[in-house]
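Chemist: Here it is, the structure, as structure tokens.
Values in this text are rule-based calculations from the coordinates and carry no lab data. Note that the coordinates shown come from a computational prediction; the quantities given were computed from them, not determined experimentally. A quick note on method: Cβ atoms are made from the backbone with ideal geometry, for glycine too, and the neighbour counts reach across all protein chains shown.
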Amino acid sequence: ATLCADLGVQGDAWFVPDDGTVIQVIPVGETLPAITGDDYSYITAEGAAAVRIAPTCAPLLLHLREKHALEIPEEDEGLLACIVEVCDDLLEVAQKTEAVKDGENIVVTLTGYRLMPGCRTVRAASPKCCTMVGCPICSLLAAIVALGTNTPTKIEHVGVDEKRTTLRMILRPAGPAPRDAGPGNLR
């Protein structure tokens, strides 16, 4: 997040499904560029620019797929149940997880969040880290939603109640995944 901020990048993370996996795109502003393909770290397109990175959850997502045969459902009910199962049963990061649809958004509440000390450390640097890059758990939840909905998904908000050890995040799926207009358009 510090590197992105030093580059002038100020947008929130978008998790973009890409051939069965997810790439993370952090726009300079609020606009997700239409072009995200190839493997360049910087995306420059007319009217939009961004940094393209592997999400911090990439090794965790791979582990869940290889060791736990994680399959991400595409229907809403199954997707929400998948989030609960990953957090409560597979990773045991919360005492209780709730995942609900709120309009187009998906709201995930992790009660009894066991990794609160890590949240505290990251948020001490800057709360913007949570929406700009996302820790492995928050980015994992965004990646699961992106893969399940097959649409770019933004970490809209992350709120923490340390007294109750609760983490609440709002994930916002957007329109269809951007298509690559060719490698010449990326820098």
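Chemist: Determine by what factor the alpha-carbon radius of gyration of segment 57-187 differs from 2.2 N^0.38 Å, reporting the quotient.
Modeler: Here the answer is 1.07, to two decimals.
Chemist: If you filter segment 146-175 for trypsin sites (Lys or Arg not before Pro), then keep DSSP loop positions with at most 12 other Cβ within 10 Å, what is left?
Modeler: Counting only loop positions with at most 12 other Cβ atoms within 10 Å, the trypsin sites (Lys or Arg not before Pro) in segment 146-175 are Lys163, Arg164.
Chemist: What number, in percent, do you get for the relative contact order of segment 90-154 if the mean sequence gap of Cα pairs under 8 Å and at least 6 apart is divided by its residue count?
Modeler: Rounded, it is 19 percent for segment 90-154.
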